[in-house]
Structures are given as structure tokens and as C-alpha cells.
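A.B. asks: Got a structure here, written out as C-alpha cells. Questions coming.
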Amino acid sequence: MTITRTTCPYCGVGCGIKARLTGEREAAITGDPDHPANAGKLCSKGTHLGETIGLEGRLLHPEIDGQRVSWDQAIGHVADRFAATIAEHGPESVAFYVSGQLLTEDYYVANKMMKGFIGTANIDTNSRLCMASAVSAHVRAFGEDVVPCSYSDLDEANLIILVGSNTAWCHPVVWQRIEAARATRGTKLVVIDPRRTETAERADLHIPITPDGDVALFRNLLAHMRDQDLLDHGFLQESVSAPSGFWDGLSPCADGVDEDLRRAFIALFAAHPRTVTLFSQGVNQSTSGTDKANAIINLHLATGRIGKPGAGPFSITGQPNAMGGREVGGLASMLAAHMGFTDTERDRVQRFWKSPTLCTEPGLKAVEMFDAVADGRIKAIWIMATNPAVSMPDAGDVRAALAACPLVVVSDCIADTDTTRLAHVKLPALAWGEKDGTVTNSERTISRQRGFLPVPGDAKPDWWIIAQIAARMGWVDAFDYPNAASIFREYAAQTGFENEGSRILDISDRATITDGAYDQLEPFQWGGASPFSYGRYPTSDGKARLVPVHPAAERKTSDFPLRLNTGRYRDHWHTMTRTGLSPRLSQHRREPLLELHPEDAADASVGDGALARVEAAAGVSVYRVRVTDAQRPGEIFVPMHWTDQQSSGGRTGRLMGKDRDPLSGQPGFKNTPARIAAL
Ligand code: SF4
């Protein structure tokens, strides 16, 4: 029986999978022992992938206004409508909203079409909601969006600090690796999280930080290291620059952390030069997310805990291919291959693509994009492989905006989502197990995702759909791709085009890979295990930057006196379009729960198991109550997954406002001001 080596479609750990077909739409799934990310291990979501590959609920044929049409009709219609909109209103009147679920080849073609041929940078991705603040922080500190760590650093660290990450639930195979390091080498674990999660319960030290208190805590730790003469002066001299006034500006600030806990944390940090600080959505999904990430990076730079085995600040991504999207320019704020918008970089990208009309400046980021749909600036939007009518902040506004938009095109593998309900045109895309390409995980490892299931109905690869429509709009030669391998070759060539060592992302040695070698491609890591081990950074002077950071302002108000946090459940993923198909995954948590401290439950007169309404400035939703002292008083928690179709309550997207980080544009899904009322 044929076994196909592929990768998991869920989180950014990027586990390798072996899939063996056991029926027409049935497969046995096991971990790939030869994949560097997981060495054969899988979590519950990956293990039960075989239960999610049926055709139930699939979008299998193109549709215009609810009527089935041929691909030729659909392609012609979308191309004509986009061309007419651009002709009448200009390129800034159209947009693509894409997804970390796309493969790198899909992302590459979408980005090339929008930025290089339509001529606007109005392409953004749901990764904006996930890790855009880490990207901004990397660029500020290192000059390029480079994650400076590898999973092997977790094996070699003596101290691991988890910030804003329920790793045991959200990145379970990384968690297993951390647990193995603790068992074999006695690695210490500090968890910084407002909630006492399963991860926090297992820590040597849990710091139940005030939401958005991270900048203050890490700034104070850096000030302490300076005051105790524990900085790495040699490294600072050689490899790091600080703006004038940086050190004088490090005055102590209130971080709300218990004095004994802070002392214990400082002692652990000072004692362990081999420290990895792994951070995730609790850092990124914040109105001060970029400063939080830079506060962590500052500490590592100033103490020389970077570029060495077992040391570094490590942003771990939520989605399976958020990193691949970052590489090929899937964010509105970047060009392709880690290039920005300087004249030199624009000229380089334009010549490489032989582009007629390269965009001139960054485009609309996710929240701005849907605001532009709402106020009529965007008149045609193409949404690929994501469900913004649920997942965007102020999701009700997004639904209203899409309902009034003259043209909404959605390409997806799922027929009925909150977003496809608002589409004029639906384009059926291949799903996991059918599509073919590459993904990049959190440690910069590029792996093949391979198809092993028959192609159902009229479904097509995303890259094919985009290329066909681009060709119909007149750009035939530039989008003449026979297969995914040809796109990968072009992307690889672009990473090396006039690079000359100025960017670390360079996989141009793969630019001549044959179709056969691409089929057989083994996982490989760009930038090496430790890209900054030589102490040089991709900045103009080769030095990393210390960045002044500022504690976040209080967000709660007298009207909304509680702090609302959001997050994942262990066995569900995003809006559950896949995990909801697995009976076993649905057993872990059957419904969305509002978790709150006994004091807050008493104040609101709600008991365990009762229903309560959560109210925020953006909207209202109803949840069943779970009273727990794992929550701090004054702070409540709800999960992110449930949508209109799955539940009459628990629609967390309705509660999230549009407040966002000023640099990254990432919405502050954490620490939303809220209140509760008994039903
Ligand atoms: Fe998939 Fe992430 Fe689980 Fe690995 S840890 S099996 S990538 S969900």
C-alpha cells in the first residue's frame, strides 16, 4: 500500500505525516519519524486527520450567484469583473484577503498578481491576526523577518520561558519536546500567562501576569540585568546598536508582578545563559504586540542570549504556512522574498517579475482592508481559504461590509461558511490531502505537502485558479505555470536575485530543481539552525538594534471593567471547518465556555453551568459559565472557534474590537474590555 509523506495542515509546528490510503476517502495517519519537526510524534489533531477527509460539506463546482457554472465561465466572469473595476476605479479599488492555509506556491502567485500586475499591495492575510507583530519586531531588531531559533534550541536550553503561549494545547509536539528536555537535562520552565493553563500548571514557575503587562516585566528584567552588570558587553559592542537614550530610558515601571515571583524569575534568568523565550499569540494579539516582542528580543540581545545553541527569542506561529506567506510577500506590508518598499527593492522585484505596474507603497492591512470594503473604497475582494466573516474583529461589521460589496469572490474547499454565504462567486479549491506544494514551519523548515487523495469534482489548486484568472486578464506569459514545481523554482530564484548576502532568506540553490527532485524534496531549513551565529545581522551596519519599548496603556473602562482574553481549545482549530468533522476531537470540549473566577461569578450572580452574556463595545455573545480559580479575578476567557453555524452562542468574533498594534496592524484579541450579565 502506498504511503505518502506530507505535513499536518494545522499548527506552525509543521509536523511530518505519513498517510496511507485505506479506502477511497479514508487514510491511516501516523507521524513521520524522519521529519525534523516531530520525529514521528503527532498530537490529537494530527492523529485524527483521517476522520476529516470525507467529502461532506465540500465545495466541488464553481458557482456564480448560486448557479453552477463551468471553470471557463467562472474564470471569465472574475477576470472581467476585476478588470472592469480596475478600469473604472483604479487598482486600489480591489483586494485579495488570503490565508496561512495556502501553500507557498499559492501565496506566491497571488502576491505576484496583485503587487506586480494589478499594481496595488492590497493583499493581506489572516496571518495578520496571528503573528504580524512578531514580523514587525524582527524587522525592527534584525533588519529582516528572521526567526533566530530552531526547535533544537529547545533541546539544548537550560531555561525555557513561555510567554503568552498555552503550548501544551496549541503546539503540542513542541510541548512534548520541552517536556523531554526537562526530563533529560533538567531544563527549567517559566510560564508567563494571566491564566493558569495546563501549560502553566506544569511549570517550575508560573507568573500570572496582568494582561499586556509583558513589556513592563521584560523591561524591568533588562534594567535589573544592567544594574547587576550582567549584560554581555562584548556582544553589545560588536553586534548590537542602541539608539541614544535607550539605557537612560530604562526606568523601572509597574509590572504588577508579585515581588517574590519577580525575584525568582530574575534569579532563574541570571543563572541560565542558555535561555529560549518562546512566545505566541498572548504576545502578538495585542495592541502593544510589537513592543512586547521587542522587549523580549532586547533582553536576549543585551545579554548575548542569541545566536548560540539553546538561546534566543523564538516566535512560534499559529498556522501551518504563516511563515511561507511571510517569505513570498503575503502581507500587505512586505514585497516578495523579504524585500520592502525602498526604490531599490521595488526596482529589483519589478525587473525580476518583468512587472508592468509594481505597487508603490504598502497596502491595506486586514482591518483596514475590510473597513475599505465597508466604506466603498474596495469594490471587489477575493477571499482565499479563510473565513473573515467569523474570524475578523468586529465580525458583524465585516459581514455587513461584504454583504454590500459589489463583488465578493471566495475560493475555498468548504461550501457553506459564514463567508461563502456572502460570496457572489464561489471557486472550489483542493483541500489538504489533495493539494501539492510546500509549507514553512516556525523554525524556517520548508517541507513538501503532498496529495494522496483523488481530486473531487471540479476542485483545483489555488495557484491554478489565480494563474488562470491572471492570464485571462492579459498576463499570459507571467502566469504560465505548468505545475507547483515551476512556481517553487521561480520563488527560489527570486530569493537569490541580486541578493548578494543582503538578505538571509536565500534558497536560490533550489532554483533549478527538477520536477522529480521537487516531488522527492526532503525538509530543509533556510538560514541554517542558527542564522545569527556569526553575530552579523541583515542591517546596514551588520548590527542588531535595541528598540525602546513602552508599557501598554490600560484598556478596561468603568463601563467594561473586566479583561477578556481569547484562545484555542486543545482539539479544535480556527473555525472548526475541519476539526468539527471529527467525532473524537469534538469530545474534548463540546461547547464554548466562559471561564471566570469565583469572585466575578458571585458579583454577576452566575453559577457554574449557568448561561451568561458577555458584552463588549463591539458586540454581545452568550456562553455557558465555567467557574474556576485558574482565572484571575477581573479577567475572563472564551474560546475562538464557534461560528453561527455551529452554535447559537459563543461567537467570540462578535466581541473583538478593531483596536490594533500601531506598527503591525495586528488586532488586540487579548485584553478586550468587557462585562458579564446573568441571563
Ligand atoms: Fe499538527 Fe501541530 Fe499537532 Fe503537529 S503539533 S500534529 S503540526 S496540530
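A.B. asks: Check Pro538, Pro592 and return the single one that is surrounded by 21 or more Cβ atoms within 10 Å (Cβ to Cβ), touching a Gly at 6+ places or on another chain (Cβ under 6 Å) and either within 30 Å of Val146 (Cβ to Cβ) or in contact (Cβ under 8 Å) with a residue 40 or more places away in the chain (or both). Show your work before the answer.
C.D. replies: Numbers: Pro538 fails: surrounded by 21 or more Cβ atoms within 10 Å (Cβ to Cβ).
Checking each option against the conditions leaves just Pro592.
A.B. asks: Pick from Ala95, Ala74: which is in the same structural domain as Lys112 (by TED's automatic domain parsing), in a strand (DSSP E or B) and touching a strand residue (DSSP E or B) at 6+ places or on another chain (Cβ under 9 Å)? Spell out how you get there, then give the answer.
C.D. replies: On the way: Ala74 fails: in a strand (DSSP E or B).
Just a single option satisfies the conditions, and that option is Ala95.
A.B. asks: Residues being among the basic types (Lys, Arg) and buried (at least 19 other Cβ atoms within 10 Å of the Cβ): count how many of those fall in the stretch 550-567.
C.D. replies: Within the stretch 550-567, residues that are among the basic types (Lys, Arg) and buried (at least 19 other Cβ atoms within 10 Å of the Cβ) number 2.
Residue by residue, here is whether (1) in the same structural domain as Ser286 (by TED's automatic domain parsing); (2) within 22 Å of Pro148 (Cβ to Cβ); (3) assigned to a loop (DSSP other than H, G, I, E, B); (4) not β-branched (Val, Ile, Thr) holds:
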{"position": "Trp464", "(1), (2), (3), (4)": "no, no, no, yes"}
{"position": "Ile469", "(1), (2), (3), (4)": "no, no, no, no"}
{"position": "Ser486", "(1), (2), (3), (4)": "no, no, no, yes"}
{"position": "Ala493", "(1), (2), (3), (4)": "no, no, no, yes"}
{"position": "Ile504", "(1), (2), (3), (4)": "no, yes, yes, no"}
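A.B. asks: A further question on this structure: Mind checking whether some residue in the stretch 572-579 is more than 30 Å from Leu59 (Cα to Cα) and in contact (Cβ under 8 Å) with a residue 24 or more places away in the chain? Quick ask: steps written out before the conclusion?
C.D. replies: From the stretch 572-579, those more than 30 Å from Leu59 (Cα to Cα) are none; that's our starting set.
Checked against the condition, which is being more than 30 Å from Leu59 (Cα to Cα) and in contact (Cβ under 8 Å) with a residue 24 or more places away in the chain, the stretch 572-579 yields no hits at all.
A.B. asks: Could you identify the single residue in Asp65, Asp34 that is touching a His at 6+ places or on another chain (Cβ under 8 Å) and over 21 Å from Ala110 (Cβ atoms)?
C.D. replies: Of Asp65, Asp34, the one residue that is touching a His at 6+ places or on another chain (Cβ under 8 Å) and over 21 Å from Ala110 (Cβ atoms) is Asp65.
A.B. asks: Can you tell me which residue among Val173, Val139 is outside any loop (DSSP other than H, G, I, E, B) and within 16 Å of the ligand (Cβ to nearest atom)?
C.D. replies: Only one candidate passes the filter, namely Val173.
A.B. asks: I've got another one for you. I'd like the residue in the stretch 377-394 that is touching a Pro at 6+ places or on another chain (Cβ under 9 Å) and at pLDDT 95 or above and, out of all such residues, is surrounded by the fewest Cβ atoms within 10 Å (Cβ to Cβ).
C.D. replies: Across the stretch 377-394, the extreme among qualifying residues is Lys379.
A.B. asks: Answer yes or no: is there a residue in the stretch 12-22 that is away from the ligand (no atom under 11 Å from the Cβ), of a type in the set (Lys, Arg) and either more than 19 Å from Arg444 (Cβ to Cβ) or surrounded by fewer than 19 Cβ atoms within 10 Å (Cβ to Cβ) (or both).
C.D. replies: Yes, the stretch 12-22 has at least one match.
A.B. asks: Could you list, in sequence order, all residues of the stretch 440-454 that are closer than 12 Å to Thr104 by Cα and under 13 Å from the mean Cα position of the chain (by Cα)?
C.D. replies: Correct list: Thr440, Asn441.
A.B. asks: Say we look at the stretch 50-65 and pick out the residues that are under 18 Å from Val455 (Cα atoms) and out of contact with any Lys or Arg (no Cβ under 8 Å at 6 or more places or on another chain); which of these is nearest to the ligand (Cβ to nearest atom)?
C.D. replies: Looking at the filtered set, the residue picked out is Gly50.
A.B. asks: Right, next: Being buried (at least 17 other Cβ atoms within 10 Å of the Cβ) and more than 16 Å from the ligand (Cβ to nearest atom) narrows it down to one of Met113, Met1, so name that one.
C.D. replies: Just a single option satisfies the conditions, and that option is Met113.
A.B. asks: Would a scan of the stretch 595-613 turn up a residue that is surrounded by fewer than 18 Cβ atoms within 10 Å (Cβ to Cβ), of a type in the set (Lys, Arg) and in a loop (DSSP other than H, G, I, E, B)?
C.D. replies: No, the stretch 595-613 has no match at all.
A.B. asks: A further question on this structure: Any chance you could count how many residues in the stretch 31-48 are within 8 Å of the ligand (Cβ to nearest atom) and either in contact (Cβ under 8 Å) with a residue 24 or more places away in the chain or hydrophobic (A, V, I, L, M, F, W, C) (or both)?
C.D. replies: So the answer is 8.
A.B. asks: Follow-up question, since we're still on this one. State whether one or more residues within the stretch 81-89 are away from the ligand (no atom under 12 Å from the Cβ), within 29 Å of the chain's Cα centre (by Cα) and either aromatic (Phe, Trp, Tyr) or not in a strand (DSSP E or B) (or both).
C.D. replies: Checked against the condition, which is being away from the ligand (no atom under 12 Å from the Cβ), within 29 Å of the chain's Cα centre (by Cα) and either aromatic (Phe, Trp, Tyr) or not in a strand (DSSP E or B) (or both), the stretch 81-89 yields at least one hit.
A.B. asks: In addition: Among the residues of the stretch 153-170, which ones are in a helix (DSSP H, G or I) and either more than 15 Å from the ligand (Cβ to nearest atom) or of a type in the set (D, E, K, R) (or both)?
C.D. replies: Asp153, Asp155, Glu156
A.B. asks: Mind checking which residues of the stretch 238-256 are in contact (Cβ under 8 Å) with a residue 40 or more places away in the chain and touching a helix residue (DSSP H, G or I) at 6+ places or on another chain (Cβ under 6 Å)?
C.D. replies: Val240, Cys253, Asp255
A.B. asks: Cβ-Cβ distance below 8 Å, separation of 6 or more or different chains: which pairs start in the stretch 213-234 with a residue that is free of Cβ contacts under 8 Å to residues at least 60 places away in the same chain and in the same structural domain as Gln285 (by TED's automatic domain parsing) and end on one that is assigned to a loop (DSSP other than H, G, I, E, B) and of a type in the set (Ser, Thr, Tyr)?
C.D. replies: These pairs meet every condition: Ala223/Ser251.
A.B. asks: Please indicate, with yes or no, whether at least one residue in the stretch 60-69 is small (Gly, Ala, Ser) and either crowded, with 24+ Cβ neighbours inside 10 Å or under 22 Å from Ser355 (Cβ atoms) (or both).
C.D. replies: no
The values are calculated or read from the model by the stated rules, or taken from the named source; none is laboratory data. Fair warning: this is a prediction, and the values are worked out from it, not measured in the lab. Please note: Cβ atoms are built from the backbone with ideal geometry, for glycine as well, and neighbour counts cover all protein chains shown.
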